Amino acid sequence: DCADQNIFKFIDACGYVPIPVSNVIKDIGQYVDELHPSGIILTGGNSLEIYGGNAPERDYTDEVLIQKAIKEEIPLFGFCRGMQSILHYFGCKLSQISGHVAIRHELTNEYGDKQFQTNSFHNQGCLREDIKAPLQIIAYAKDEIVEWIRHTNMPIEAIMWHPEREAHFKERDMRIIKNLFR
């Protein structure tokens, strides 16, 4: 229930109207039904309760939104904590990590043929070996921490970096949303 205003600027730059969902809405499913969204975005924030976080209502909201997206095939995008929620939902183990807070680092795509730089602001992550189907790895950091995933047959994609924290929004990040929310 507290989001960086740049998240809304980023979503707007992607061509969509951001409508926030509070963690205290009684029937989140009905709320989403009435909105008929082009997609759902799970944003960054605190850790999941199971990994030391202190907002079980946020965990619940994310889980309901993930279930709703899957059931109704609504495109789902997550970043940072949002990706962690998606990983957790699909049974991928998160671990405490170091060296990923307030830095920029190189990522390699799964095929090893292209590298790019992103920001990083997370202290929990998932190793390549802990990713489970139906999720597939798109990119990872040098220490094998997965930074970008995609569902193999549903419109679900997630990244660990914060696209809204870039000085100028990256075309790559906006393209992910635009391709997913067609």
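The values are calculated or read from the model by the stated rules, or taken from the named source; none is laboratory data. As the structure is a prediction and not an experimental result, all values here were calculated from the model. Glycine gets a Cβ as well: all are built from the backbone with ideal geometry, and neighbour counts include every protein chain shown. Heavy atoms of the whole protein, side chains included, go into the accessibility calculation; ligands, DNA and RNA do not. Shrake-Rupley method; radii C 1.70, N 1.55, O 1.52, S 1.80 Å.
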Residue within segment 147-164 that is farther than 18 Å from residue 95 by Cβ and in a helix (DSSP H, G or I) present: yes
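How many of the residues in segment 31-60 are touching a strand residue (DSSP E or B) at 6+ places or on another chain (Cβ under 9 Å), within 25 Å of residue 73 (Cβ to Cβ) and either open to solvent by 80 Å² or more (accessible area, probe 1.4 Å) or of a type outside the set (A, V, I, L, M, F, W, C) (or both)? Reasoning before the result, please.
Pass one, segment 31-60, residues touching a strand residue (DSSP E or B) at 6+ places or on another chain (Cβ under 9 Å): 32, 39-44, 47-48, 51-52.
Now narrow it down to the ones that are within 25 Å of residue 73 (Cβ to Cβ): 32, 39-44, 48.
Cutting the leftovers down to either open to solvent by 80 Å² or more (accessible area, probe 1.4 Å) or of a type outside the set (A, V, I, L, M, F, W, C) (or both) gives us 39, 43-44.
Number satisfying all stated conditions: 3.
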Residue count, segment 74-93 (criterion: open to solvent by 20 Å² or more (accessible area, probe 1.4 Å), on the phi > 0 side of the Ramachandran plot and either at pLDDT below 95 or in contact with a strand residue (DSSP E or B) (Cβ under 7 Å, 6 or more places away or on another chain) (or both)): 0
Filter result (hydrophobic (A, V, I, L, M, F, W, C) and closer than 17 Å to residue 32 by Cα) within segment 48-67: 64, 65, 66
Single unsatisfied condition, residue 163 versus (1) modelled with pLDDT of 95 or more; (2) over 19 Å from residue 75 (Cβ atoms): (2)
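Got at least one residue in segment 10-25 being closer than 23 Å to residue 153 by Cβ, under 16 Å from the mean Cα position of the chain (by Cα) and in contact (Cβ under 8 Å) with a residue 12 or more places away in the chain?
Let us first name the residues in segment 10-25 that are closer than 23 Å to residue 153 by Cβ, namely none.
The answer is no; no qualifying residue exists.
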Residue match in segment 101-124 (condition: in contact with a helix residue (DSSP H, G or I) (Cβ under 9 Å, 6 or more places away or on another chain), more than 26 Å from residue 16 (Cβ to Cβ), open to solvent by less than 30 Å² (accessible area, probe 1.4 Å) and not β-branched (Val, Ile, Thr)): yes
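Taking into account only those residues within segment 1-30 that are assigned to a loop (DSSP other than H, G, I, E, B) and open to solvent by 70 Å² or more (accessible area, probe 1.4 Å), which is nearest to residue 168 (Cα to Cα)? Before you say what the answer is, go through the steps one by one.
So in segment 1-30, the residues assigned to a loop (DSSP other than H, G, I, E, B) come out as 1-4, 14-27.
Still in the running and open to solvent by 70 Å² or more (accessible area, probe 1.4 Å): 1-2, 17, 19-20, 24, 26-27.
Working: 1: 25, 2: 22, 17: 19, 19: 22, 20: 23, 24: 32, 26: 37, 27: 36 Å.
The residue in question is 17.
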